[in-house]
Structure formats: C-alpha cells, structure tokens
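The values are calculated or read from the model by the stated rules, or taken from the named source; none is laboratory data. On a predicted model such as this, the values are computed, not experimentally measured, just so you know. Here the Cβ positions follow ideal geometry from the backbone for every residue, glycine too, while neighbour counts run over all protein chains shown. Just the protein is used for accessible areas: all its heavy atoms, side chains included, with ligands, DNA and RNA removed. Shrake-Rupley method; radii C 1.70, N 1.55, O 1.52, S 1.80 Å.
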Amino acid sequence: MKSTVTEVSSDLYRISAFHPDFGIQFNQYLMVDDEPFLMHTGMKKMFAGTRDAVASVMDPSRLRWIGFSHFEADECGALNDWLAIAPAAAAVCSFVGAIVSVNDFADRPARSLADGEVLPIGRHRLRFLATPHVPHGWDAGLFFEERDAILFSSDLFFHPGDPEPLTEADVVGRAERAIVEGMSGPLANDMPYTAETDATLKRVAALAPRTIALMHGSTFRGDGRKAVLDLAQAVAMILGKPASKTAAT
Ligand SMILES: [Fe+2]
Ligand SMILES: [Fe+2]
C-alpha cells in the first residue's frame, strides 16, 4: 500500500493510504516543527508505508510526539514501531488513554494531557480536548492546532472511498450518508449518542477550525465551525432520536 503525501496547511503533511480491503483511506498527519508531531500512526501493518512517507518530508528519527484520539489499531497500532526508530518520541494522549491502555501497551510511557492542556511544539501549539465517547471510546480526545486553527478530528466526518486529499466541498453530507449507510452494516453503532455528545460537539465547533484534518476521507478547508455544528445536528437527528415508546395501556 503506497501512501500519498500532500501539504494541506503550513507545516502540515497529510499521509494517506487507501486500503482496498476496507474501501477507505487511513490518513496520518505530520506537523513539522521543532518537536515534530504525528497525528495517528495508522495500523501496525501500515508502518513501513507511513515511515517512508514521513521520510520524504523529514528524518523519521526526529519525531518527538505521537498523538491520537483513542486506543485503536488505526490510531496507535504502530506506536511501538515509531518508538523503536525515534529515540526521543513519546505518545501523547488523554489521561484515561494513558492509564487504561497506552502505558501498558507502549514500550515507553505516554505523556498524558488534561482537558484543555496545551502542548507547545515550536511555532505551533496543540490544545487537547478530552471528549469521552466522541467519536467513540472512553479515552477519546481531540487535538486543535491554535495558530492555523486545525482540528484533528479523528473519526468525526468519516467518509469512505478514496476522495481528493483536500476539499472545500461539503464533507457533512458525505459523513451523514456514511453514518446512515453504516447503520445497516457489521460496523454499526461506532458512535454512541450520550447526554454529552451535543455539548461536546458544540464545544469543538466553538474553536472555529479552518481546517479539519480527518482520519478517513478528504481533509476539509473552510468554515469548520459550521461544519461541526451541522455534523452535530445530523448526528442528533440520526443517532439521537429517542427510542419509540410503546403506548401505555
Ligand atoms: Fe476510531
Ligand atoms: Fe479511525
């Protein structure tokens, strides 16, 4: 599987591999800075392709931070491969993620971030938001790059196929169709709708991202606040419907 590298924002490289078995893209994002940051590692079996793609931009052994949203193979499956080739690298994730999974799984301990904590990496600053169960997983969180307003949205806005690297077109419609189509498949119910889901998405929208660096599908450039609010509305309509009540007799 070959990865395609696209500079989607200043210092930000999208590393995308289309996996024919899944019919979806797996995107990693490399932010080149004093302390280079990789958002998601991709699956362990994808490591060689991701490493070679990073090497086309910078020396992979310089990697300092490996961020991800939640503990899953496509988020951090190749973490230990990265720790092995980058001596100063460390995982950076939520407190829950570190204590529940990563500090056992990883060959070196993770740096855990509290909700709202900022990780400066040089010219860029990454704010961490703890977002339990958004997109899914108790340990879930999202990163937001403050200078250029880039939201690393993980599985939010998921859409299948092998679309263009960067789009200003409607990604909410694509994501909405994917949620509806996914409900009748074997991977249904990936995103739980909890009492906190709407408030969490509105908090993310308030960051007013101008780029949304999503894991599966085109990177979005445009009015990210509107896109996240529209997604919140779609998710509420599709997943948040109260269960139909049986009339009392
Ligand atoms: Fe996920
Ligand atoms: Fe994912």
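Residues of segment 27-50 that are in contact with a helix residue (DSSP H, G or I) (Cβ under 7 Å, 6 or more places away or on another chain) and open to solvent by 10 Å² or more (accessible area, probe 1.4 Å): Met43, Lys44, Phe47.
None of Leu12, Leu63 is more than 16 Å from ligand 1 (Cβ to nearest atom), crowded, with 23+ Cβ neighbours inside 10 Å and under 23 Å from Asp162 (Cβ atoms) except Leu12. Which residue, of Ile99, Ile24, is within 16 Å of ligand 1 (Cβ to nearest atom), open to solvent by 10 Å² or more (accessible area, probe 1.4 Å) and at pLDDT 95 or above? Unique residue meeting the criteria: Ile24.
Okay, residues lined up against (1) over 12 Å from Ile212 (Cα atoms); (2) part of a loop (DSSP other than H, G, I, E, B); (3) of a type in the set (S, T, N, Q); (4) away from ligand 2 (no atom under 15 Å from the Cβ):
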residue	(1), (2), (3), (4)
Arg123	yes, yes, no, yes
Leu126	yes, no, no, yes
Arg147	yes, yes, no, yes
Leu156	no, yes, no, no
Val172	no, no, no, yes
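Each row is one residue, and each column tells you yes or no for (1) farther than 21 Å from Ala73 by Cα; (2) open to solvent by 40 Å² or more (accessible area, probe 1.4 Å); (3) more than 15 Å from ligand 1 (Cβ to nearest atom).
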residue: Phe152; (1), (2), (3): no, no, no
residue: Val171; (1), (2), (3): yes, no, yes
residue: Asp198; (1), (2), (3): yes, yes, yes
residue: Val204; (1), (2), (3): yes, no, yes
residue: Gly217; (1), (2), (3): no, no, no
residue: Arg221; (1), (2), (3): yes, yes, yes
residue: Asp230; (1), (2), (3): yes, yes, yes
residue: Ala234; (1), (2), (3): yes, no, yes
residue: Ile238; (1), (2), (3): yes, no, yes
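If you filter segment 74-84 down to residues that are in contact with a Lys or Arg (Cβ under 7 Å, 6 or more places away or on another chain) and either open to solvent by less than 10 Å² (accessible area, probe 1.4 Å) or not in a loop (DSSP other than H, G, I, E, B) (or both), you find that the one that is farthest from ligand 2 (Cβ to nearest atom) is Leu83. Do we find that Ser101 is more than 30 Å from His133 (Cα to Cα), touching a residue at least 24 places away in the same chain (Cβ under 8 Å) and assigned to a helix (DSSP H, G or I) in this structure? For Ser101, the condition - more than 30 Å from His133 (Cα to Cα), touching a residue at least 24 places away in the same chain (Cβ under 8 Å) and assigned to a helix (DSSP H, G or I) - is not met. Taking the numbered list (1) open to solvent by less than 30 Å² (accessible area, probe 1.4 Å); (2) without any contact (Cβ under 8 Å) to a residue 40 or more places away in the chain in turn, Ala55 passes all entries but (1). Per the conditions (1) touching a His at 6+ places or on another chain (Cβ under 9 Å); (2) open to solvent by 20 Å² or more (accessible area, probe 1.4 Å); (3) within 16 Å of ligand 2 (Cβ to nearest atom), the sole criterion not satisfied by Pro186 is (1).
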